[in-house]
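Here is the structure we will look at.
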Amino acid sequence: MASLVSHPDEVRVISKRFGQGATDIDRYLQLDGYQAVQKALAMKPDDLINEVKNSGLRGRGGAGFSTGMKWSFVPRQSAKPKYVLCNGDESEPGTCKDRLIFEHDPHSVIEGVMIASLAVGAHQGYIYIRGEYRYLSVIMQKAIKDAYAKGFLGKNIFGSGYDLDIYWHGGAGAYEVGEESALMESLEGKRGIPRIRPPFPAVVGLWGGPTVINNAETLAAVPHIILGGAEWYAKLGTPKNGGTRLFCLAGHLNKPGVYELPMGYSLKKMIYEVGGGIPNGRSLKAVVPGGSSTPVLLAEEIDIAMDFDSVAKAGSMLGSGGVVVLDDTTCIVKFALRTIKFYQHESCGWCIPCREGTDWLKKTLTRFHAGAGVNKDIDNIYYLAENMLGKTFCPLGDAAAMPTMAFVKKFRKEFEDHLDGKPCPFEKAGAAEPVMA
Amino acid sequence: MRFSDEFEARFSEMLTHYPTRRSALVPTLLYAQDETGSLTDEVIAELAQRLDLTALEVRNVISYYSMLTTKPRGKYNVQVCTNIACMLRGGEEILHHCKKELGIGHKGTTQDGLFSLEEVECIGACSWAPAIQINYDFHENLTTTKMDQVLDEYKKKGTQ
């Protein structure tokens, strides 16, 4: 079980029931649970969509697309059944937030799926949880069963005449499945290979029916928006970046952990105040601000607000909320190698630029870090990454390319320091020592 | 081919969740593997038949997912994360330590069949790094000393 942390600057919305025993349905009901869905049942679908649009809620999986807008793309009339699919395949390195939501507040995800279903006119929803999170699958299966037992799910929910079924589903180890079209393939019992778009899932999704796919944290925020109102939620964050989000602070920090902070919170304060600063008297070298696929920021670039637009303006992405902090003992070449090793392992092999590009990058960076690099390798690494960018069915190719390009661009000197058979300058500096005493 | 009653109950219920039978495949493979240790030819044939698929279609899916295996593993599969967040906090040292203590490498199994070792990608424990999973159980904020204690616990449990 993952341990909880707290900081006075936290604004607890999604995490307000963490540690409160809310996996128990009666406890969840005491803590305002299933109030929002009853309010939603009395609202028109268009009003629900507008409420979520006006709240400024944007996809917490990483892309940051307006959730209300996404819902509005689902056609009103459809010959095929419509579906809502909750993406709980959390696997972007640096990200460990959905785990806490499932562990402490599974009913909020169910309630979010219910409200999304009402908004788009779906009568079936699925909650997909990655295979590694078995204990959370157990929690979710029980939560769903309890909701059925109370009559909150199934036929005629809350006596409204609306039928709604929600099911859990499990993965079996694949990062790629976190991509929405691969997620649908996996749920259909296939290899998780992405689909070409258009058509988009909102029009042709699961089993050919219109499908809304939202991240678990996004859906967990929805009941709070319906109860508290769009205006309240929007005001918690910055313009066009409504609400709060769970930031997973990881890496070289004194107090790593998952903290719920308002959108637009300062990255600098996140590192030095919330995260307790850099341990062992070391100094900050760089930050990966939103999961391993987001371009690295230098120590002098951290004076920014952590919302989608501000981080984009700084040349990176807010991504999935995984803030990975690197101190000055970290070898960037090694860090780039480990990042690309992951994408090479997880590339599904469907698109050639990604399959071949990640493999070449891994081979080149492995040789390079081992001290057998030549000068032209540096440009070649950049060139390989650049040639994956925007050339694949799904964003995995981009996810591998973007950080690699940033590492070369921002730390060229460090790459050069590895040339001509020189050993990695960081191997002796104690970088390999565990931080934890 | 016999699975546990719990497996059968879950399986028949899951079939009612989807418009196509094969949709139940991925989670079913994992639950089957938990009972049989690995996805043997017999398990594959059985599940293929139950879900109206060919054995080849099932194998195609198995080879995609990293948790699924057709080769037996040890009773306890030690999965060490060395991805970025764990790497920064000593994940590689934990992996080396496990290799040394268990006397096996990546995807190896000890002679007595008690332990397997695997270097894995991000397991979603970044804020509690370095972390591992033994089968489905998380062990977090590890040091080599803590790692020894964890291995000892499982050794005891496994030889009881």
Taking A:G151 as meeting all but one of (1) more than 19 Å from B:Y18 (Cα to Cα); (2) part of a loop (DSSP other than H, G, I, E, B); (3) within 12 Å of chain B (Cβ to nearest Cβ), write down the number of the exception.
-> (3)
Boolean, B:T28 is away from chain A (no Cβ under 12 Å) and touching a residue at least 12 places away in the same chain (Cβ under 8 Å) | no
Looking at (1) more than 12 Å from chain B (Cβ to nearest Cβ); (2) surrounded by fewer than 18 Cβ atoms within 10 Å (Cβ to Cβ); (3) at pLDDT 95 or above; (4) assigned to a loop (DSSP other than H, G, I, E, B), which is the one condition that is false for A:P201?
-> (2)
Residue check for A:Q124: out of contact with any helix residue (DSSP H, G or I) (no Cβ under 6 Å at 6 or more places or on another chain), free of Cβ contacts under 8 Å to residues at least 40 places away in the same chain, surrounded by fewer than 24 Cβ atoms within 10 Å (Cβ to Cβ) and not assigned by TED's automatic domain parsing to the domain that holds A:G319 | no
Pull up the range A:249-263, narrow it to residues that are closer than 20 Å to A:D98 by Cα and more than 10 Å from every other protein chain (Cβ to nearest Cβ), then point me to the one that is surrounded by the most Cβ atoms within 10 Å (Cβ to Cβ).
-> A:M263
With the condition kept exactly as written, say whether any residue in the range A:161-184 is hydrophobic (A, V, I, L, M, F, W, C), surrounded by fewer than 21 Cβ atoms within 10 Å (Cβ to Cβ) and outside any strand (DSSP E or B).
-> no
Sort out for me the strands (runs of 3 or more DSSP E) sitting completely within the range B:108-149 that have 1 or more residues that are among the polar types (S, T, N, Q) and within 11 Å of chain A (Cβ to nearest Cβ).
-> B:132-134
Would you check which residues across the range A:342-391 are more than 30 Å from A:G192 (Cβ to Cβ) and of a type in the set (V, I, T) and list them?
-> A:V374, A:I378
Within the range B:96-106, can one find any residue that is in a loop (DSSP other than H, G, I, E, B), within 16 Å of the chain's Cα centre (by Cα) and within 30 Å of A:G290 (Cα to Cα)?
-> yes
Can you find even one residue in the range A:130-139 that is at pLDDT 95 or above, under 24 Å from the mean Cα position of the chain (by Cα) and at positive phi?
-> no
What is the one condition in (1) within 14 Å of another protein chain (Cβ to nearest Cβ); (2) buried (at least 24 other Cβ atoms within 10 Å of the Cβ) that A:P194 does not satisfy?
-> (2)
Pairs only if they're at least six apart or on different chains, beta carbon under 7 angstrom, first in the range A:10-30 and among the acidic types (D, E), second at pLDDT 95 or above; list them, first residue then second.
-> A:E10/A:Y259; A:E10/A:E260; A:E10/A:L261
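The values are calculated or read from the model by the stated rules, or taken from the named source; none is laboratory data. Everything quoted here is computed from the prediction, not taken from an experiment. Virtual Cβ from ideal backbone geometry, glycine too; neighbours counted across all protein chains shown.
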